[in-house]
Every structure is written in C-alpha cells, then in structure tokens.
Amino acid sequence: MNKLDTALVSAALQKAGFDLSDNVEKCDVVLINTCSVREHAEEKVFSHLGFLKHKKETNPNLLVGIIGCMAQRLGNELLEHKEVDIVCGPNQIPQIPELVKQVLKSKNKILTVTENIRQESPENPALEDFESVYDRADKRIPAQAYVRAMRGCNKFCSYCIVPYVRGPEVSRPPGKIIEQLKKLAGEGVKQVTLLGQTINSYKYTAGEKVYNLADILATASDIDEIEWIKFVTSYPTRKNYDKILQAMADLPKVCRYLHLPAQSGSDKILKAMNRKYTSQEYLELLEKARDTVPGIAIAGDFIVGFPSETEDDFEATVSLVKKARYKNCFVFKYSPRPGTIGDKKLQDNVPQQVKKKRNIELLAVQEKISDELSSQFLGKTVRVLVEGLSKKPHLNAEAGSDRPQLVGRTAADWIVVFNGPTSLAGEFAEVEITNTSPLTLFGKVEN
Ligand code: SAM
Ligand code: SF4
C-alpha cells in the first residue's frame, strides 16, 4: 500500500515539474512516506529525521515532509520537530505537489490530516482522481503494477493501528478499478496486484448488483494484455471464500497464491486479538483452498509475544504452522501501538528476549517447511515474470557476457534467480530449476 502511495506521489510530483533524485545532497525537497504498524518503523523515521536535521544546518532551504500513516497518527507532534515542514496524512496525498510549492515559496509549515478519521466520508473524489490519473506501471519493476481495490479497514484487530490511520473500509467502484487496469495494460503491464487490507471483503453495491472480489477477478481476466492477477491480503473468513477460490480455480490468469494471515495458533490469543476465527476454523479454510485450487501456495503472518502469550500458546502457534505448510510466513514481535485496544487494555508483558526467541524459533519451523516445498521444484521448469537484476547481479555472471543474475517470481510467488540477459526484465521466462533454498529457487534459462 505504501509502495503504491509513493509511486502515486512521485508521478504527481514529476507531472508538476519536479525531478526525482535518490541523492539527498542534491535535493531541495525530501518526503518520507511512513508506516505506523510497528514501533520500529516509526523509530527509523525519527532517526532519519535526525540525519535531515543535520543536513538542514548546512542547507537551510531543504524542505522536509512526512506523509502517510505516521503523519496521520502524530500530526502536530511531528510538525513540532524543527526540521519538519509538511505533515500530510494518507488521505491528503493528492495535495502534495501544491503543498510543496506553497512551502517552498512561503517557508511556512503546513499540517494536513483527517480530523476524525473514523468518520471520514466514504466518497473521496480527490483521492479517487489522484489514483486514476497518477497510477502507472512501476518503473523499478517493469510490467507490474499495484492497484488499490479498497481503502481502510473495519476489523479492529486489537493490536493494529491501521483502522485508526487509514480510516473505514471503502471499496472502490469496479468500473474505476477496471478502467485503471486497462490503462495500465495499455502501458505494458502484465501483472497487477489488487490491494486491500482485507481484500476478500471487497463489496460494492451498484443498484441491484453487489460486486465481490470474484467479480473483479473475472472482469480483470478479460483484459487481454494482463496475464497474471494477484491480490493481497485476505482475512480468514468464510464470507465470499468459496466464490473467490472458485475464481482462482476457474480463471487461469488469477495466480494460485493466497496470503491469509493467521496471527496465532492459540484460540485464547486469537480472541484477545479480536480475530474472529479459531485455529481449527482457520485450518479448515486452508483445507478448502487446497481442495478447490490444486497447487495453491499459501503465505501467512504471525505475531509472537502478544500480551499474556504463554509457552503453551506459542506451542499452539508452532503446531498451526506445521499443519498449515505455508510457502513462507512473516513473523513479527508484538509491538504495542498507542490508541489501539491492545495497548489500552492489555499489558505488554512478554519480555523482549522471549519475543525474540519465539520469533527465531517460529521462523526455523517455517524454514524447514519452505525448504521441503521448494525442493519439490528441483528439475522442473517454471514460468517466471522477470523483475530485473537480483540483489547480487555479479553472481555467476561470466566476465564480458551480458548475463547478470536476474530475479523474478512465479505465479505462486516463488522467488527465482538465474543468469540471463537484462532484456528479459518485464518479460516472462521459462526457468529450469537446478538448486533450491527455503525461500529461493535457482535456475537456468535457455535464451
Ligand atoms: N490487513 C492485513 C491482515 O489483516 O492480515 C495485514 C495488515 S498489517 C499492515 C501486516 C501485518 O503486520 C499483520 O498481518 C500483523 O502480522 C503485523 N502487525 C500488525 N500490527 C502489529 C503490531 N502491533 N505488532 C506486531 N505486528 C503487527
Ligand atoms: Fe489491521 Fe486486522 Fe485490519 Fe489487518 S484486518 S489491517 S491486522 S485491523
């Protein structure tokens, strides 16, 4: 979601005549798009602000803006930092080019956030226009784009800041989403990822018709140039589940990849988290997915060290991970977020060391499963949408040849690295897998 917002703001600034630079020494304006999900993300912003404060001492004209969730959460508190000139919430990002111009001229600080985020009107024409006008293929990952299907969240998981900074759940009109997909397809996009905090609760009523995510997937599949459609993130619920799984099974363009965070395997903790399912119900959802969509890859999220999580609770999570057999999962240490129910009512009573130990242990359990699943690809050929150079492009690259190490992903989201011509970036390639590690497949490509 933040990557999409950054792309939109970058495109809008370029349209307004600004040049983008990744060298702070050369910049007149620095904008930081922020995340509030965990304290650590916010700490990184504060440490970066310390660095920018120092820069401003030598370049007093440098303009510093904070945009996104932290801006919405902290508002004035951020503006009080001497080095901060603009504080702009996620719903106000369409104003960014104007705000920057204004502050460059007047040198006065500006704050713009939503006053009462939970009472925000569902219609937000400014955001809607901004989205359609500035959405474009991500230049850094050719042939791919994110498209927002929904904004906000209504789930109020007790640990989570998102509903308080992104506002209520709003589904975008299907016509707008499809129009945007067609535009992106025309610009060479081959893979789109539909975004929503709980994408499977997408619901849009137009007269008699109520559209759900399966409807969007079906219409998107009719766009010729779009070859792969992914969607994240899903909330574990039966509602619309069968329809969405059936769409994945029936529509070849819909990738067989489901990100379905469980958060915990302990029913006591799930209840305290305000997640509306038990571990058994969650496992039944996975079974249903595997029965309906053969070969589906599933990814999960977990929080360890939630208030009052005992060793037994943690063992229940380990047991769930073993049964779930995820392709991969993301594990986070509980981080109390001010203003959430978890922070107000529960004590962050699992010591940091215990959180760390559980985090490492759970990842180790998952690593073994990922290793078993990835090794099944050995000797097989997989279709990959190539993103570009890998993090270590020099690896296995013969001197003088134009075959650096490239990276791409399969439809089921497996990361694949191989050596090949850079011209493959943004193209599909057939890669024969010659080696595997838990999270990466290694292979070779013919062309
Ligand atoms: N909407 C998605 C969902 O419900 O699965 C994910 C939203 S959140 C941005 C991404 C992940 O961050 C969550 O799945 C959760 O595991 C983790 N997370 C959220 N709040 C957290 C907190 N206070 N401490 C630690 N991890 C947290
Ligand atoms: Fe946060 Fe829960 Fe909403 Fe996901 S579903 S964004 S974890 S409140």
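Points to keep in mind about this one:
- One way to sum up the overall shape of segment 293-395 is the equivalent ellipsoid from its Cα gyration tensor, whose semi-axes run 33, 17, 13 Å, largest first.
- With both residues required to sit in the chain, DSSP beta bridges show an antiparallel share near 40%.
- Förster radius 41 Å - calculated FRET efficiency between LYS101 and ASP371 (Cβ-Cβ, nearest 0.05): 0.20
- The simple spin-label model puts a point 7 Å past each Cα toward its Cβ; for GLU25 and ALA364 those points are separated by 4.5 nm.
- With both labels modelled 7 Å from their Cα along Cα-to-Cβ, the LYS3 to GLU427 distance reads 2.3 nm.
- Over the Cα atoms of the chain, the radius of gyration divided by the Kirkwood radius equals 0.96; this is the Rg/Rh ratio.
- Calculated on alpha-carbon atoms, Rg and Dmax of segment 232-379 in Å: 16.1, 53
- For GLN14, net neighbour charge (Lys/Arg +1, Asp/Glu -1) across residues whose Cβ lies under 11 Å away: +2
- A quarter of the convex hull surface defined by the alpha-carbon atoms of segment 1-43 gives 3.7 nm² as the mean projection.
- For segment 184-311: rounded, prolate or oblate by the Cα gyration tensor [a/c cutoff 1.5]: prolate
- Extreme residue, positive dipole direction of the chain, given options CYS35, VAL293, ALA206 (C-beta unit charges): CYS35
- Computed from phi, the 3J(HN,Hα) profile of segment 327-333 under the Karplus parametrisation 6.51, -1.76, 1.60 (θ = phi - 60°) reads 5, 7, 9, 9, 10, 10, 7 Hz, with x in place of Gly and Pro.
- Packing rank of 276-284, 240-248, where each peptide gets the mean count of other beta carbons within 10 Å, highest leading: 240-248, 276-284
- Peptides ranked, highest mean first, by Cβ atoms within 10 Å: ranges 294-301, 414-421: 414-421, 294-301
- Euclidean distance of C-alpha centroids, segment 319-343 and segment 230-268, integer Å: 17
- Contour excess over end-to-end distance, with Cα ends at THR381 and SER319 and 0.36 nm allotted per residue: 19.1 nm
- The Cys residues in the chain with no partner Cys Cβ within less than 4.7 Å of their Cβ are CYS27, CYS35, CYS69, CYS88, CYS153, CYS255, CYS329.
- More than 16 angstrom apart: percent of Cα pairs within segment 22-152: 67
- Judged by the ratio a/c of the largest to the smallest principal axis of the C-alpha gyration tensor, segment 84-136 counts as oblate, that ratio being 1.5 or greater while a/b is no larger than b/c.
- Fewest neighbouring Cβ atoms within 10 Å first, the residues HIS48, HIS54 line up as HIS54, HIS48.
- Given charges at Cβ of Lys, Arg, Asp, Glu: segment 278-392 dipole, positive-most of ILE303, LEU363, VAL386: VAL386
- All C-alpha to C-alpha distances of segment 197-238, sorted into 10 Å bins beginning at zero, yield P(r) values of 25, 48, 26, 1 percent in whole numbers.
- If R0 is taken as 25 Å, the Cβ-Cβ distance between THR205 and GLN246 corresponds to a FRET efficiency of 0.70.
- Ordering of 159-169, 76-86 by burial proxy (mean other Cβ atoms within 10 Å per residue, highest first): 159-169, 76-86
- Pairs of Cα atoms nearer than 8 Å and 6+ residues apart set the relative contact order; for segment 258-316 it is 54 percent.
- Charged neighbours of LYS53, selected by a Cβ distance under 11 Å, balance to +1 (K, R count +1; D, E count -1).
- Count of Lys pairs (Cα-Cα under 14 Å; at least 8 positions apart or interchain) in segment 1-94: 5
- Cleavage-rule hits, GluC sites (Glu not before Pro), segment 412-447, DSSP coil, Cβ neighbours within 10 Å at most 14: GLU446
- Annotation: amide H-H contacts under 5 Å for ASN33 (H modelled 1.01 Å from N, sequence separation of 5 or more, or interchain): ILE67.
- Amide hydrogen proximity for VAL64: with H placed 1.01 Å from N in the peptide plane, the residues at 5 or more positions away or on another chain lying under 5 Å are VAL30, ASP85, ILE86.
- The alpha carbons of segment 168-238 occupy a box of 33, 28, 20 Å along the principal axes, longest dimension given first.
- Label-to-label distance, VAL133 versus LYS357, with points set 7 angstrom from Cα along the beta-carbon direction: 5.6 nm.
- The chain: calculated mean residue ellipticity at 222 nm from DSSP helix runs of at least 4, using -39500 (n - 2.57): -11000 deg cm²/dmol
- LEU406 long-range amide H proximity, modeled H, under 5 Å: SER390, PHE418, ASN419, GLY420
Every number in this text was worked out from the coordinates using simple rules, so none of it is lab data. What you see is a predicted model, and the numbers here were worked out from it, not measured in a lab. Every residue, glycine among them, receives a Cβ derived from its backbone with ideal geometry; neighbour counts consider all protein chains shown.
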